[in-house]
Amino acid sequence: MANLGARAARRLGTGGEAGAPSRYAPAVKRVLFYGLIGGILLALLKVIEYQYLVRAYPGEIYGGLVAVIFAGLGIYFGRQWSRHREIREVTVIKEVEVRVPEPISASRPFAVDAGKLKELGITPREHEILGLIAEGLSNREIGERLFVSENTVKTHSSRLFDKLGVNRRVQAVLKGRELGLIP
C-alpha cells in the first residue's frame, strides 16, 4: 500500500521518494478502503433488491426465464437443423385429362335443358340468378337488376346451390354449364 501512496504522490507532483512515506498515503488508503466498502454495500443492495424482486414477482420471472431459454434453444436448434438439410428439387409430372366444352357456334344457338331444370326443381327466378352469377355480378348488383333485396338474392342463391349440390358461386356456374342450364 505504501508503494501506491508514493505513486499517487508522484502523480500529484509532490516529489516523494519511492522509499519515503508520503503525506498523501493515508488519504489514498482511506479512499481505497471506503471505495471497497461502498462497492461491497452496492453489491449487497443489488442482491437484496434482486431477492425482493424474485419474491414479489416469482411467476413472471420464472416464466420469462423459461421463455428466454426456449427461445434460445429454438434459435440454436433451428440453425443447426437448417444447416444439415439438403435441398432437393422434385418435379412431378402428371397427365390430367381436361374436358374442353365445344364452342357454341352461331349456327346452333344455346337451348336451355328444361328437363334438367324440372328434374332439379330449379325455379325460373333461381335460373335467372344463376345466369346473372355466370355474368360475374355480385349479390348486390343482382338485387339491383332484379329489383329485390340482397338478402332475397342470397336466399335464392343458397337454395340454388343446394339443388345443384355445390358450395360456391364458381362451382354453381360450372355445374350449370355442364348440365346445359346456362350458356
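Quick check on region 93-100. Is at least one of its residues part of a helix (DSSP H, G or I) and either surrounded by 10 or more Cβ atoms within 10 Å (Cβ to Cβ) or modelled with pLDDT of 70 or more (or both)?
Looking only at region 93-100, we keep the residues that are part of a helix (DSSP H, G or I), and these are none.
No - not one qualifying residue is present in region 93-100.
ARG125: basic (Lys, Arg), in a helix (DSSP H, G or I), crowded, with 16+ Cβ neighbours inside 10 Å and in contact (Cβ under 8 Å) with a residue 12 or more places away in the chain, yes or no? Give the derivation first.
Numbers: basic (Lys, Arg): yes; in a helix (DSSP H, G or I): yes; crowded, with 16+ Cβ neighbours inside 10 Å: no; in contact (Cβ under 8 Å) with a residue 12 or more places away in the chain: yes.
The answer is no for ARG125.
Of the residues ARG159, ARG177, ARG140, which is outside any loop (DSSP other than H, G, I, E, B) and touching a residue at least 40 places away in the same chain (Cβ under 8 Å)? Reasoning before the result, please.
Numbers: ARG159 fails: touching a residue at least 40 places away in the same chain (Cβ under 8 Å); ARG140 fails: touching a residue at least 40 places away in the same chain (Cβ under 8 Å).
None of the other options fit; the residue is ARG177.
The values are calculated or read from the model by the stated rules, or taken from the named source; none is laboratory data. No experiment lies behind these values; they were computed from the predicted model shown. Glycine gets a Cβ as well: all are built from the backbone with ideal geometry, and neighbour counts include every protein chain shown.
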